[in-house]
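Here is the structure we will look at.
The values are calculated or read from the model by the stated rules, or taken from the named source; none is laboratory data. On a predicted model such as this, the values are computed, not experimentally measured, just so you know. Cβ atoms come from the backbone with ideal geometry, glycine included; neighbour counts cover every protein chain shown. Just the protein is used for accessible areas: all its heavy atoms, side chains included, with ligands, DNA and RNA removed. Shrake-Rupley method; radii C 1.70, N 1.55, O 1.52, S 1.80 Å.
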Amino acid sequence: MRGFLGILRTNRNYRYLWTGQAVSEIGDHFNTIAVLSLSLRITGSGFGVGMVMLARVIPAILAGPIAGLVLDRMDRRKVMICSDVLRAVVALAHILLVVYPKPWLMYMLSGMLMFASPFFTAGRSSILPKITSPEELHTANALTQTTAWVTLSIGTMFGGISAMQFGFGWAFAANAMSFVVSACAVWMMRSPDGNFRPGGSAQILRRRIAGWREFTEGLRYMRSRPLIFAIGMAGVGWATGGGAAQALFTLYGEVVFQRGPAGVGLIWSFAGVGLVIGGLTAH
């Protein structure tokens, strides 16, 4: 904990980056709970909830390689700011679902929002080594992951409560505002070089070749070690079951317990609490 507080206190750039992450991820969960609850009301079935999840996951996967190419050629801070601005516009457009509740519009907006996200998250990962010392990098990575779990707990709980008390439009507006705050925080970052551009093309190519070599070596190592392979497959199974559980979170909160978005948010929130406690205990 002292290491986390230390890097936030002494590293100005990371403090701004962490602020952008924390605020935008809390806003993300406002949107998640509102969209999932609204999808059940619009479609009337768990199938609609599953379709929203597909609409969010597939564009994010497709955007990953594109984001990598863009971040290898442009100033990463500017790309992250553009991602935040675009997400703010799309998040605000979700308010249309309140007055025009059509499934196709919900799927389209969800896909657009998630398509823009890898440009921020991948940019954040690529910037970390530049704004931290080698001694700080491990702490920064650990704090970034821990923050994602904490914001899951906070964002889903308050997102569900706000959607229940003030309506879905408020949750979507809060999500849009969170991206504006994040863009401002990232804009405040400063580089000693005057920019956050990647290295030369030769250096990028070497990193890509080295990364691919490490990836293939990792696969070969997993195949030769049954225990490691089993752990990897358990991760795949856990992710598959986790996706099904997330659909059930919505059905239980809305239908079984009849608590509306607040019930959905509370279930998600306790899932986040479990991740935090589990991570700390495992550590």
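Given a 1.4 angstrom probe, what's the average accessible area per residue across the chain, in square angstrom?
Working: 15090 Å² over 283 residues.
Ligands and nucleic acids excluded, the result is 53 Å² per residue.
Report, in degrees rounded to the nearest 10, the 0 to 90 angle that the Cα long axis of helix 134-166 makes with the longest principal axis of the chain.
Long axis of 134-166 versus the principal axis of the chain: about 10 degrees.
Shape verdict for the range 216-267, please, from the Cα gyration tensor: rounded (a/c under 1.5), prolate (a/b greater than b/c) or oblate.
Prolate, since a/c reaches 1.5 and a/b exceeds b/c.
At 1.4 Å probe size, with the rest of the protein present, what percent of the exposed accessible area of the chain is carbon and sulfur atoms?
Values: 10740 of 15090 Å².
Answer for the chain is 71 percent, counting heavy atoms of protein chains only.
Only four residue types carry charge here, +1 at the Cβ of Lys and Arg and -1 at the Cβ of Asp and Glu. Report the dipole size of the chain about the Cα centre in Debye, rounded to the nearest 20. If you can, show how the numbers build up before the last one.
Numbers: 24 positive and 11 negative charges, 129 e Å.
Result for the chain is approximately 620 debye, rounded to the nearest 20.
How charged is the neighbourhood of Ala116? Take every other residue with its Cβ under 12 Å from the Cβ of Ala116, and add Lys/Arg as +1 and Asp/Glu as -1.
Values: positive: Arg56, Arg87; negative: Asp28, Asp84.
Around Ala116, the charge tally is 0.
Pick from Leu105, Leu227, Leu266 the residue whose mean-square fluctuation is largest in a GNM of the chain, springs joining Cα atoms under 10 Å.
Leu227
Where the Cα atoms of the chain are projected onto their three principal axes, how long is each span, largest first, in whole Å?
Per principal axis, max minus min of the Cα coordinates gives 54, 47, 38 Å.
Counting pairwise Cα distances across the range 15-137, what percent come out greater than 24 angstrom?
Values: 2479 of 7503 pairs.
Cα-Cα pairs in the range 15-137 separated by more than 24 Å: 33 percent.
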